[in-house]
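Written below as structure tokens is the structure these notes are about.
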Amino acid sequence: MSEHIYKVVELVGSSPISSDDAIKKAIERAAKTLHHLNWFEVVETRGHIADGKVAHFQVTIKVGFRIEE
């Protein structure tokens, strides 16, 4: 079994569509500069309400990625 070392970063994604979309956007953006992304964990979900309706989702996630040898 290989031994890997991981780094964890915290990201906040946002979307007017859904919390899932906020997560996907945060990961897609991180993947442009971080390599070997392996997993994510949702830490917090919150949103903005306007006129009695959900107007915006904001999700804090932790993303783990493997550090290169």
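The values are calculated or read from the model by the stated rules, or taken from the named source; none is laboratory data. A quick note: this is a predicted structure, and the numbers were derived from the prediction, not measured. We place every Cβ from the backbone using ideal geometry, glycine too, and count neighbours over all the protein chains shown. These accessible areas exclude ligands, DNA and RNA; they are computed on the full protein's heavy atoms, side chains included. Shrake-Rupley method; radii C 1.70, N 1.55, O 1.52, S 1.80 Å.
Brief remarks follow.
- Taking (1) open to solvent by 90 Å² or more (accessible area, probe 1.4 Å); (2) without any contact (Cβ under 8 Å) to a residue 60 or more places away in the chain; (3) in contact with a Lys or Arg (Cβ under 8 Å, 6 or more places away or on another chain) in turn, Phe65 satisfies each apart from (1).
- Within the range 26-54, the set of residues being of a type in the set (Ser, Thr, Tyr) and over 12 Å from the mean Cα position of the chain (by Cα) comprises Thr33 only.
- Members of the range 4-44 that are open to solvent by 70 Å² or more (accessible area, probe 1.4 Å), farther than 23 Å from Ile67 by Cβ and not aliphatic (A, V, I, L, M): Pro16, Asp20, Lys24, Lys25, Glu44
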